[in-house]
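To start, the structure under review is shown below, and the notes come after it.
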Amino acid sequence: MEDYSLLSDKERDALDYILKHKKEVLYMSMRELAHQSHVSTATINRMAHKLGYMNFVAFKHSLKQKTIVDMSYDSHEIISCLNGLEEDYYADKLDEMASILYEADFIMIYGIGYSGYVAKYASRRFIDAGKIAWATNDPFYYNHSLKGHRVNLFISISGETIELVDILNVCKSEYPDSVSLCITANMNSTLVHMCDYAIAYPLKMNLRDLINKSSQIVNMAIIEKLAFHLHEMSQNVIK
């Protein structure tokens, strides 16, 4: 880029990150990009301005026009993921996660965007199975009123949702004895590395117009299986 020499060191760092992660940057907010490239949001806006753009939004729009993202999938890929949940590896993971949820005094479930709707559905299913569960898509709400053994469940297809990473950091700081779980399609994600237990399935993210529109079907199937396990555990105790 002809104006590259005008950039400060921090602005160069941001641009270098963008050029190395073009496809990921297409669906990042400016705050997420700032976090990942270790600069401020003001630095990113200054970088965009020096490169001839009005702001970061205009820069990202131009980047989108120059970057072809093929992350579509068809029903066969979703069905393959659903069938994979029946394999021993995932069966063991589901048993393990269900046991952790069962031992919880209460379950906090977090999701943003479409995953937020799945989180709310999960809370209803877990309540039906006899657990105290609370779901929120508000990244600033932690519910300090509930006492006892806390389990945090994070639902994020990308596993990189910055708001959920922030919440997880708060949970680790404020509730060091709590256990954190996540459900994601990205085995190498930040949430997987930070959580105590994770279920990750191989589904590509579906990005259209910079919005993550990946199917939530596999997430819903995992929630259904966990709810079934919880119900079975509760029934066995009653017997």
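All of the numbers you see were taken from the coordinates with simple rules; none came from a lab. Keep in mind the model is a prediction, meaning the values are calculated, not measured. As a convention, Cβ positions derive from the backbone with ideal geometry for all residues, glycine included, and neighbour counts pool all protein chains shown.
Brief remarks follow.
- Backbone HN-Hα couplings from phi across segment 46-61 [Karplus 6.51/-1.76/1.60, Hz, Gly and Pro as x]: 5, 4, 4, 5, 5, 8, x, 10, 5, 6, 5, 4, 5, 4, 5, 4
- Each of TRP134, CYS81, ILE183 was scored by the projection of its Cα onto the charge dipole of segment 75-238, and the greatest displacement toward the positive side belongs to TRP134; charges sit on the C-beta of Lys, Arg, Asp and Glu.
- Net length available on complete extension from MET54 to ASN188 is 44.8 nm, with 0.36 nm assigned per residue and the Cα-Cα distance removed.
- Under 5 Å from the amide H of ALA198 lie the amide H atoms of CYS182, each residue being 5 or more positions distant or on a separate chain, with H modelled from the backbone and absent for Pro and chain starts.
- Along the axis of the charge dipole computed for segment 4-66 (Cβ charges of +1 for Lys and Arg, -1 for Asp and Glu, origin at the Cα centre), the listed residues MET47, VAL25, SER5 are led at the positive end by VAL25.
- Prolate/oblate/rounded label for segment 75-238 (Cα gyration tensor, a/c 1.5): oblate
- Across segment 4-66, Cα pairs under 8 Å and at least six residues apart give a relative contact order of 36 percent.
- Extension gain (nm, one decimal) between TYR89 and LEU6, 0.36 nm per residue minus Cα-Cα: 24.6 nm
- The dipole here belongs to segment 79-202: it is taken about the Cα centre, uses +1 on the Cβ of Lys and Arg and -1 on the Cβ of Asp and Glu, and is about 420 debye.
- Taking 0.36 nm per residue of separation and subtracting the current Cα-Cα distance, fully stretching the chain between TYR197 and ASP128 would add 22.5 nm.
- FRET efficiency, 1/(1 + (r/R0)^6) with R0 22 Å, evaluated for ASN169 and HIS38 via beta carbons: 0.90
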